[in-house]
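First comes the structure, then the notes that go with it.
Each reported figure results from applying straightforward, stated rules to the coordinates on display, with no laboratory input. Please read all numbers here as calculations on a predicted model, not as lab measurements. Note: ideal-geometry Cβ built from the backbone for every residue, glycine included; neighbour counts use all protein chains shown.
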Amino acid sequence: MKQLLSGIWQWSWFSEEKQIDFNGLFLNVGEHKIVIDPPPMTAEASTFIRRQGGLDYIIVTNRDHAREAATYQAEFRCQVQIPDADAVQMDLKPTRTFKDGELLPGGIWVIQLNDQKSPGESALYIQQGKGVLIIGDALIGKPAGSLNLLAPEKYSDAAKAKEGLRRLLKYNFDSILVGDGASILVGAKQAVEQALQA
C-alpha cells in the first residue's frame, strides 16, 4: 500500500491485457473507511485494510470499474454505492445508487460527467488540502505525469466526451487520483487543462 495523501492509500494490479496499472484507493476519512474501484487486492492491501478496522463502503465510479467490488462486499460485509445511470448495466447488488451533486460518506461529492464511455461515469471530489479529484475512466494517467482520454472508439462521440470533462475545471484541485495509470499529486489541474487542449 502506497500512501498518496493524508488518509488516502493506493494499491495497484497490473493488467497484462491493457498494459496499465488498475488502481484501488483506500480512504480513511473520519470514521469512514472507504474503498474506490477495487482491483484484486494484494495480501498487503488486504492486511492493511483489516488493520485499519475493515471497510464501511465501496464506491464504484462507473460500470466498468466494478472490478472486485462484489467479492469485497461479501468479504468485508460493507455497503456498495454505484452510479444510478450505470446500475442497470451492472451485476452488483448496491446498497444504494448515487447521482450528480450528491454528498457521499467521507465528504465525497459526486460529479457526473456527460458523454463518457458509460452514462454514469462519475468523478469524486474531496475538499481536502488543495482539493482532490478521483477519476475512474474519464482520464487515464499514461504516460506517467500526464493525463489522456481513452481511445476515440471508446466513445459514441469523442469530441463531446472531451467537452463533458471541461466541467472538472470548475473545481479547485491539485491532486488527481486515477483508476488506470499513474496519479498526479501536484499540479493536476494544469494536467487536466493540457489533456483537454490536445
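The charge dipole of the chain, taken about the Cα centre with unit charges on the Cβ atoms of Lys, Arg (+1) and Asp, Glu (-1), comes to about 400 debye, rounded to the nearest 20.
Arranged from fewest to most other beta-carbon atoms within 10 Å of their beta carbon, His32, His65 become His32, His65. Here segment 155-198 yields Rg over Rh of 0.98, to two decimals, using C-alpha coordinates and the Kirkwood radius. For the chain, adding -39500 (n - 2.57) for each run of n ≥ 4 DSSP H residues and dividing by the number of residues yields -5000 deg cm²/dmol at 222 nm. Look at Leu139, Leu177, Leu165, Leu150 and count the other Cβ atoms within 10 Å of each Cβ; fewest to most, that gives Leu150, Leu165, Leu177, Leu139. Distances longer than 20 Å among the Cα atoms of segment 2-197: what percent of all pairs is that? So the pairs more than 20 Å apart make up 51 percent of the total in segment 2-197. As a proxy for reagent exposure, Arg63, Arg167 were ordered by neighbouring Cβ count within 10 angstrom, fewest first; the result is Arg167, Arg63.
Give the calculated FRET efficiency between Asn172 and Arg50 to the nearest 0.05, with a Förster radius of 25 Å applied to their Cβ-Cβ distance. My answer for the efficiency is 0.15. Against the chain, whose longest principal axis comes from its Cα atoms, helix 188-197 is set at around 40 degrees. Measuring how big segment 20-89 is from its alpha-carbon positions, Rg and Dmax come out at 11.7, 34 Å. Each 10 Å bin, from zero up to the one with the longest distance, holds this percent of the alpha carbon pairs of segment 64-152: 15, 43, 35, 7.
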